[in-house]
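The values are calculated or read from the model by the stated rules, or taken from the named source; none is laboratory data. Bear in mind the structure is a predicted one, so any value in this text is a computation, not a measurement. Here Cβ is always computed from backbone atoms with ideal geometry, including for glycine, and neighbour counts include all displayed protein chains. Side chains included, ligands, DNA and RNA excluded: accessible areas come from the protein's heavy atoms. Shrake-Rupley method; radii C 1.70, N 1.55, O 1.52, S 1.80 Å.
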Amino acid sequence: RTTVYGTAFFCAGCLPTITIDFTDPVKDLKLVLLNGQTFTVTYTIKNNLGDLVTLSLVSNSQGGTGIAGLPSGGITSVTITGDTSSWDFLIDNIEYKIDS
């Protein structure tokens, strides 16, 4: 089973970012990102340490899916945001290792 998390500008009360907070520090974070928009959007995935990756995803009708990863350790939070005021995206299949 999998759980998909999403946010969109047309959802009352939804924020333009998705934030993941971890109880224990993690490393080797990977997640699937899905663009819900009908145009290309560049997403930024940033951790609490200032490490970040960007991922440009084509429209949802063209597949609009990618895998983002932050291999560093000591991650306690991650924020995902897009470069548009009309946000609409989802995340799935979050993988990580506990950073012991």
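Contact list please: Cβ distance under 8 Å, first residue in the range 61-78 and over 13 Å from ILE94 (Cα atoms), second residue modelled with pLDDT under 95, pairs at least six apart or on different chains. Filtered contacts from the range 61-78: GLY73/ASP99; GLY74/ASP99; ILE75/ASP99. If you go through the range 38-48 one residue at a time, how many are open to solvent by less than 10 Å² (accessible area, probe 1.4 Å) and either at pLDDT below 95 or of a type in the set (A, V, I, L, M, F, W, C) (or both)? Total meeting the criteria: 2. Would a scan of the range 9-17 turn up a residue that is modelled with pLDDT of 95 or more, among the aliphatic types (A, V, I, L, M) and under 12 Å from the mean Cα position of the chain (by Cα)? Among the residues of the range 9-17, not one is modelled with pLDDT of 95 or more, among the aliphatic types (A, V, I, L, M) and under 12 Å from the mean Cα position of the chain (by Cα), which makes the answer no.
Quick check on the range 86-99. Is at least one of its residues without any contact (Cβ under 8 Å) to a residue 60 or more places away in the chain, open to solvent by 30 Å² or more (accessible area, probe 1.4 Å) and not polar (S, T, N, Q)?
So the first thing to find is which residues in the range 86-99 are without any contact (Cβ under 8 Å) to a residue 60 or more places away in the chain, and the list is none.
No, because not a single residue in the range 86-99 is without any contact (Cβ under 8 Å) to a residue 60 or more places away in the chain, open to solvent by 30 Å² or more (accessible area, probe 1.4 Å) and not polar (S, T, N, Q).
Taking the range 10-37, which residues are surrounded by 15 or more Cβ atoms within 10 Å (Cβ to Cβ) and assigned to a loop (DSSP other than H, G, I, E, B)? Passing the criteria: PRO16, GLY36, GLN37. Within the range 55-76, being in contact with a Phe, Trp or Tyr (Cβ under 7 Å, 6 or more places away or on another chain) and either surrounded by 16 or more Cβ atoms within 10 Å (Cβ to Cβ) or assigned to a strand (DSSP E or B) (or both) holds for LEU55, LEU57, ILE75, THR76.
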